[in-house]
Every structure is written in C-alpha cells, then in structure tokens.
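To keep things clear, I will list the structure first and then write my remarks on it.
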Amino acid sequence: MNLLRTVFLLVVLLFAVCICIAGGHEQSIGTTFYVSSSNRQASDAHSGTSRSKPWKTLARAAKQLYATGDSLLLHEGDTFVGGVSLRISGTTEKLVTIATYSDAAEEIALNGQIVAGAEPNRPSIVGPLVRGGSCLSITATKPSTSMPRGSHQKNFSQTSTSMVQHGPSNILVQGIAFRNAENGLSFVYHTSTLDGQTMNTSRSKEQTIFKNISVIDCHFDRIQWAAPYPQNISIVYGGGRAISLVCVDDTQQPTPVPVLSDFRIANCLATEVDMFYTNRIARVGRPPNSTSDPGTVATRAVLIANNTVFNSSFNQIVMDSTEAMVVEGNAFIRDVPRIRFGWGTTDIIMGFLDASNAVTGNDFTLRAEHSGDPDGCPIDLESPCNGTHITNNIFYRATAAGINIFGHKFPDSNASGTSMNLDISNNAFLECGCEQGHAPYTNWSMDKGAIAFDLPGGTGHITQNYIVACADPSVPLWGGDTVNRDGYTFKDNTIFDGSRADMKYLPLPLLRTDPTTGKITAACTQGSPQGSLVRYTTDNSLPTETSPLWPSREFTPKISRDSVVNVRCFGPGVTHGGAGRFSPNNGILIRV
C-alpha cells in the first residue's frame, strides 16, 4: 500500500503544481472574450472583449485565434449551438481558460478559481447529433518551430513548460454543459503538425500531443452514438464519448505514437453517456485498423477524481496503456433501464497497465448488465494489468462479478494474457454477481460472484476485502474455474454467507423525489444501526464523514443547475473493507 500512496500523492502533486502555476498568472497577460446568447446587446459585430457588449454566438468565437493566457467566458445559463472548433496558438506557458461568467459577479471562473458570485448555472453547448460531431472541439494551430526529436519526458518535472506543443495543451475547461451530441468535448490534433517521425513503439518515437489539460465541474448529458448501435460495438471501445481525443490524418503518412500527459477530470457529471473517458483515438481521414494507425494514446499522469456517472451504459472509463493513472472517489450509479448494447456495460475496462496505476475509493451501485445483456461488470481487466492496484472500492449488487479478471492471449506470446501480481485489497463486495448463470445470463456462468477468475496463470494478492455473498447458495463466492485461482494469495478477507441476518453492512439509503412538491426524501433504511446519519453532496463527489448532514427526512438542497444529489448513511460500528462506516452511495438526478 505504500507504493499506492506514493503513486497517488505523486499524481496529486503534479496537478497541484499545474494549478498553482496557472493561478499565479494575472489575467492581464491575455485577453478575455465574452459570449452571451441572452444579452440583448450581444452581437457578433462586437470585439467580444466587453461583458456589456459580448459576442452572440460560438460560431463567432470560433473565428478568433486564442493565444495562451486568453479566456473565453460563456454567460451562465445560456444555450449555444454546438459543432464549433476553437483554435489555440503559442507555447504552453499559460492556460487558455474556457469557463463561465455572470452579470452579478466580476468573474465566475478564472484560471480555475471561483472568485465572486454564487455557484452559476452552467451554460450549455448543444449538438450536433451527427456521426463524428462534437459540441466543442479544441485544436492547436501548426507550431512555427518543431519539437526536438525524442523530447518527450516521462516525468512531469523534466518537461519544459515553455515547450511548443503539437496539439491542444495547457487548457482549463470549467463549468460548461455539453448536451445532445455524439461527442461532448473533443481535443484534436492534425498529423500535419507533427515531426514526421516514423511510427514506432519505442519511447524515442513518441511525441507529446496533449499536455496539462483540466476538465472541471462540467456536465456531459445524452452524449450518445448518432447511428444505430452495431451488435458488437465493443470492437471500437464504445460509441459516443463525453471527452474525446481525435486524430485528423491530413498527411496519410506513418506518425509517432501520440502522448497525453498531465490530464485531469474532476467533479464532472455524466448522464446518459456512452463513454466518459477513453484514450482510444477517434480517427478521421484514415482507414480503421491501418498498420500506421495511432490507435491508443500513450498516457502519463491522469487523474479522474470525484465525478458522478449516472444512468450511463457501456465502457465508461478505458484505462489502456497508461502510466500513473489514478481513478479515485468516483460514483457510478445505476445502469440505463433499457437494452442499448450487444455486449453489456463495464464501468472501468483496463488493459496493459503496470503498478503505477490505481483504481481506489470508487462506489459502484447497481451497475453492470441489465436484463438481456450477456457481458459486463464494474471493473474488467480485459488485458494484462500487472501490479495494478484496486483498493477501497464498494461494489453493491452488480449483476455480474464486481471484478472480472479476464485477458487475451496473443499468438506470439507464451504468456497467458491474464494479469500478474495484482493488488485487490480493502474493497467491499456486497452481493455481487448474483444474477449471472441464471436466465437470461445462462451463457456467461463464469462471470459471477465477488471476483471472476476467467483465465489460468494469473497471480496477485486478494487481501482484507469485505464480502457479502449472494443469498442464493448455488452462486459461488468466486467466479471461474478453481484452477484459475491457483496463483493468488487469499488472506484476511471477511466473508458472510449472504443471509438477511448475516449481511453486516449498512443498506442502501432511501432516496426519492416527490413529483408534486419537488422535495427529496432521504433516510437510512431498516437494518441501519441506531444513530445512523445521512450525509450528502451536490458537487459530484462521494459523501464523507465531513459532508453536510441531511437535516430532515424531507429536504431540498439549494441547487442552481442540473445536479446529482449523492447520499450515504454513516453509522457506528459497521465497517466494510477500508471504506469506513458508511453505506453504498445512492444518488438522484435533479434537473433545473
């Protein structure tokens, strides 16, 4: 666990450095532009630099070339037509900020800081719902000078902050809603901006494309594929993408492996989205499966923290070929109540990872498949994840196994394709995988129980987990063949048989809205210890022991924009895993 803490603290420190650097610049370094669709004085004929005479449309904002240090602020609560692309030029010394402003405050958001005024209603960028369309795309113009060959440095501290980038870099997007499109927010690079190195898997042939990007407090709503879903969409790792990385191939030549480094997604909300984040490249202008296709962005230092994914299907987060990626403190709440995909849903799908990666402190509530889907689980180790840490998570009544340790054996490898030296510790598996092996899931009988071990040859430590088995005694505690578990060490796990009298955990809190009054009812349910208390959040993070108390059974938090109210019950003397004395998280979506 010391290594996990070191990895997590390193990633947090890197982003703290980024924010401190950004916040230290005076806004006078750059120009602030304003856009409002509701201001009667707004006109695209204005310069856009005055809040009293802002631009009217994002189409006009897209004609501006933004230098680093500039800000583009959208008026709170306004709605804008999407499908536009913003261009950024210059070095990476200062942030380009895309955020919100209000008539009632001097500034709402500037360089990541709320400096005046109340929490604003997010401005919305809507559509277009067409194949390949994005609400907002951000691209970099071709630099005047080339980055030195082999200039990518693995460590953030070794990377010059004044280095010319070949893709969008040093960007803060904060407090914006992206709605009703196939892609929400896209970061785009063109192969014509690269050095022309031959694509190669060696580090010397990598090139930093995306660097120091933060997406904070944004809402991604109904971001879904614009075409009918194919039966096996998993071949391309998903459909619509809340946050998308895009390669425009305007050279048709082999290119370096693109690198994404120092990327943060925090306190965002995703509702009815196909995918929340993936480092799989969306390709434009190059045939799929081309031998020179970049395919996946090599990823260094990514933090995905304190987000809520609500009523969303398919592969929400893809961790593929990453280093120092931490997914921490996120809430995954309920699947969409209808069949949309041929191959189920997975919250976090992982592959080709090492010990620098961690999934910790997340809450998975009523996730995985719904009736009719044959595959999926909260966490799927699809390809080798050697040494990866999965700790302090809560898995509550996932239809399939809480964790599926799968893998792919490659023809040119003697390895099994499954994961080695895994760290799965201090998690709570609460009645997971109880429906697999029963109709309509009879063809996937291995993917059940707390953890499914689908392939032989894996190794790791399964330690100090808290497990409540299924009430149905025919469902095994561990999925997969017994031989598949031979390489794992099981130690100090607390296991209950799943009978109602033997559950030993706080039940899911009651949470509902009165459609007439709009009041929200939240309460600890029967079976909670006497003195249990409800705590809640509205900022997309999970409630903790220091979160506000729910003051009465019926209560309506002050909410000025679309939000999920997350609630947990906290009670004395009930522990599960390393998660503490609290129930699984429940959430309800409030639209304003």
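Values in this text are rule-based calculations from the coordinates and carry no lab data. Small disclaimer: the values here were computed from a predicted structure and weren't measured.
Residue separation times 0.36 nm, minus the C-alpha to C-alpha distance between residue 471 and residue 59: what's the value?
Numbers: separation 412, 0.36 × 412 = 148.32 nm, distance 5.73 nm.
Length gained between residue 471 and residue 59: 142.6 nm.
What is the extension gain from residue 67 to residue 311, computed as 0.36 nm multiplied by their sequence separation minus the C-alpha to C-alpha distance, in nm to one decimal?
Gain on extension, residue 67 to residue 311, equals 84.0 nm.
Which value results when the Cα radius of gyration for the stretch 480-566 is divided by 2.2 N^0.38 Å? Before the final figure, lay out the partial values.
Values: Rg = 18.7 Å, N = 87, 2.2 N^0.38 = 12.0 Å.
The value comes to 1.56.
Taking 0.36 nm per residue of sequence separation and subtracting the Cα-Cα distance, how much length would be gained by fully extending the chain between residue 591 and residue 510, in nm to one decimal?
Working: separation 81, 0.36 × 81 = 29.16 nm, distance 1.95 nm.
Gain on extension, residue 591 to residue 510, equals 27.2 nm.
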